[in-house]
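The values are calculated or read from the model by the stated rules, or taken from the named source; none is laboratory data. Note that the structure is a prediction, hence the values are computed from the model and not measured. Glycine also receives a Cβ, built like all others from the backbone with ideal geometry; neighbour counts cover every protein chain displayed. Accessible surface areas use protein heavy atoms only, side chains included; no ligands, DNA or RNA. Shrake-Rupley method; radii C 1.70, N 1.55, O 1.52, S 1.80 Å.
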Amino acid sequence: MIKERIFQGLFALSAGFSIFAVGAIAIFLFFNAFATISQIGFLEFIFGMDWYPDEEIFGIFPMIIGSIYVTALAIALGVPIGVLSAVYLAYFCPKRLKGIIMPAIELLGAIPSVVYGFFGLVIVVPLVANIFGGVSGKSILAASLILAIMVLPTIILVSKAAIETLPKSYYEGALALGATPERAVFFAIVPAAKSGILASVILGVGRAIGEAMAVIMVAGNQVQIPHSLSDGVRTLTTNIVLEMGYAANLHKDVLIANAVVLFVFILIINISFSALKGDKK
Amino acid sequence: MSRDYLSIFLSFLLKFSIFSVLFVFFGITLFIFIKGIIYISPSLFEWEYNSTNVSLMPALINTINMVIFSLAIAMPLGIFGAIYLNEYSKKDSKILNLIRVTSDTLVGIPSIVYGLFGYLAFVIYFGFKTSFIAGVLTLSIMILPLILRSSEEALKSVPIGYKEASLALGASKLRTIFAIILPSATAGILAGVILSIGRIVGESAALLYTSGSVAQIAGAMDSGRTLSVHMYAISSEGLHINEAYSTAMVLIVIVFFMNFISNFIAKKILKDR
């Protein structure tokens with residue numbers, strides 16, 4: 001009987017550990033960040049245009065904009081392809097072909113991000129340099145292309161699941177009314193799966209905004225608000241990776257505050273995702 | 001039925017999309033494989049790393065160690081946690097919901113944020129310095145939700161009859177869990193574990209500032225790079241592009257292999273049912 005109790009306690013402790021972990025992460029990061037941000041000033045930190053760590057000028061606005069640009073472009077490129085592929089897989093794909101395509105998509109999601117970064121470095125960056133001429137090629141465009149590829153598996157798999165949970169009768173009803181299969185899917189199924197598809201987009205945004213290692217290798221990493229697709233860009237994630245190695249004192253604390261800003265972005269994204277999921281029930 | 005132009009156009013769009021996805025996948029993997037095979041050489045697998053051989057062996061051994069030790073921490077926590085959620089907690093209790101929410105949050109946290117947390121908590125606060133153990137602890141937390149969730153699913157899918165029969169025969173609850181429920185859920189738990197191995201092997205951002213990037217076989221308190229960090233290091237230096245191709249290939253082969261096994265196990269469970 002005592003053994004039962006001990007194990008029950010052990011099980012409960014293990015289950016509680018993830019609560020503890022989230023708590024620890026929040027405390028370690030937020031505790032540090034609040035002090036730092038109040039020292040610099042919230043507005044100067046978030047909306048400051050200049051980043052000169054040596055002179056203790058810390059404005060991360062260019063990085064916020066950089067993250068938003070790169071993510072938005074990646075989503076704009078990845079979502080149409082991803083959702084259309086999901087539609088194809090759910091309704092038009094011959095079974096045999098599916099047996100090849102599904103594993104391929106899962107493997108696309110398993111490729112480590114440094115490999116994506118390396119691929120971007122040797123293929124996409126020179127390509128961009130050629131197209132624009134006279135630029136290094138490390139750019140918003142290169143970063144977005146790589147990120148668009150990286151978010152594809154998430155978007156395809158989640159959208160496909162959303163489309164497949166809809167009752168077949170929607171599709172059959174549309175067909176019975178004389179619609180072609182394509183029209184039936186696009187005008188009856190896709191609108192009905194809207195919230196599931198949106199959820200896949202939000203997950204994709206989360207993945208794109210949090211990605212560091214692939215972006216760092218292809219984005220150029222200049223601190224600036226970019227004006228064209230071939231300009232270099234630095235994101236919230238890459239700013240941390242680039243400078244954490246040698247940062248000290250206040251500079252280091254600022255990078256931690258930078259991570260917290262990123263964390264807050266992710267939390268907002270997660271909350272909107274679970275709100276969407278909640279809606280469906 | 002004659003098809004209108006819109007339908008033909010939509011059909012074209014669908015085929016174009018799936019084709020470009022496949023093109024990207026086969027483009028990347030074939031490119032890395034072909035280049036990787038061309039440049040693979042025995043010097044890549046020497047025991048010691050130096051600037052001329054660019055050996056990936058120390059990094060590979062670190063990766064294997066990292067997998068073993070991270071799993072040793074995360075597996076008991078994840079599986080025991082899942083047992084609690086399935087067998088002990090009341091349905092829709094507040095704790096259950098809180099654990100769901102927190103493990104969802106853990107899944108969504110970007111790996112660089114894990115890296116900074118690991119740095120602050122293990123490297124600085126607990127004084128482990130930049131070391132293998134700091135990396136292991138960070139990754140354990142990172143894969144915990146993956147193992148917790150997949151174990152939970154696996155336990156849930158064990159037919160309730162097994163449990164009832166065991167209890168009816170007079171076995172204690174604990175005995176039922178360890179002798180009946182866990183063994184029947186092994187395959188499902190394993191699929192999640194193997195998936196998290198893939199995650200550990202591919203991870204780099206969380207390790208840069210926790211276990212560091214020294215190219216040596218690391219003891220518990222030494223800094224040592226895993227294969228992914230090694231890949232990042234040699235490709236960003238840009239001096240050893242050829243070796244980078246081979247390293248990328250080795251990395252992809254490992255990750256793909258892990259995925260295949262976990263899929264194979266998952267499929268087998270579906271068939272058995």
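Observations
- Estimated vicinal HN-Hα couplings, Hz - region A:39-53 in sequence order (Karplus 6.51, -1.76, 1.60; Gly, Pro = x): 5, 7, x, 4, 5, 4, 6, 6, 9, x, 8, 10, 10, 10, x
- Carbon plus sulfur fraction of accessible area for chain B, probe 1.4 Å, in percent: 68 percent
- Structure remark: mean-square fluctuation, Gaussian network model of chain A, C-alpha springs under 10 Å; the largest value among A:G137, A:G48, A:G178 belongs to A:G178.
- Environment charge at A:P226 (Cβ cut-off 14 Å; Lys +1, Arg +1, Asp -1, Glu -1): +1
- Take each residue in B:221-233, count the other chain C-beta atoms within 10 Å of its C-beta, and the mean is 2.
- Interface B:A - total buried accessible surface [probe 1.4 Å, Å², rounded to 100]: 6700 Å²
- Entry note, chain A: the mean residue ellipticity at 222 nm calculated from DSSP H runs of n ≥ 4, each adding -39500 (n - 2.57), is -24000 deg cm²/dmol after division by the residues and rounding to the nearest 500.
- Considering only A:A21, A:A35, A:A179, the mean-square fluctuation computed in a Gaussian network model of chain A, springs between alpha carbons under 10 angstrom, is largest for A:A21.
- Accessible area of chain A belonging to carbon and sulfur atoms, whole % at 1.4 Å probe: 67 percent
- Solvent-accessible area per residue for region A:78-134 (1.4 angstrom probe, square angstrom): 38 Å²
- Chain-alone versus full-assembly comparison, region B:252-268, residues with accessible loss of at least 10 Å² (1.4 Å probe): B:I252, B:V255, B:F256, B:N259, B:F260, B:N263
- Comparing B:L22, B:L174, B:L144 in a Gaussian network model of chain B (Cα springs below 10 Å), the most mobile by mean-square fluctuation is B:L22.
- Relative contact order of chain A, taken over Cα pairs closer than 8 Å and 6 or more residues apart, is 26 percent.
- Residues with amide H under 5 Å from that of A:W51, placed H, sequence gap 5 or more: A:G59
- Chain B shape via C-alpha gyration tensor axes, a/c threshold 1.5: oblate
- Charge dipole (debye, nearest 20) of region A:64-278; +1 at Cβ of Lys and Arg, -1 at Cβ of Asp and Glu: 420 debye
- Net charge of the neighbourhood of B:A233, taken over other residues with C-beta under 14 Å away and scored Lys/Arg +1, Asp/Glu -1, is -1.
- A rounded overall shape is assigned to the protein assembly as shown, the ratio a/c of its alpha-carbon gyration tensor axes (a ≥ b ≥ c) being less than 1.5.
- Charge context of A:G59, other residues only, Cβ under 13 angstrom, K/R +1, D/E -1: -3
- Each residue of region B:176-190 was assigned a 3J(HN,Hα) from its phi angle through the Karplus curve 6.51 cos²θ - 1.76 cosθ + 1.60 (θ = phi - 60°); the sequence is 4, 4, 7, 8, 10, 5, 4, x, 6, 9, 3, 4, x, 5, 4 Hz, with glycine and proline shown as x.
- Whole-Hz ³J(HN,Hα) from phi, Karplus 6.51 cos²θ - 1.76 cosθ + 1.60, for region B:251-262, glycine and proline x: 4, 5, 4, 4, 5, 4, 4, 4, 4, 4, 4, 5
- Accessible area per residue for region A:225-267, computed on protein heavy atoms with a 1.4 Å probe, is 30 Å².
- Solvent-accessible area lost in complex, 50 Å² minimum, residues of region A:238-266 relative to chain alone, 1.4 Å: A:V241, A:M244
- The residues of region B:208-273 expose on average 45 square angstrom of accessible surface per residue, using a 1.4 Å probe on protein heavy atoms.
- Cα gyration tensor shape for region B:64-207, rounded if a/c is under 1.5, else prolate or oblate: prolate
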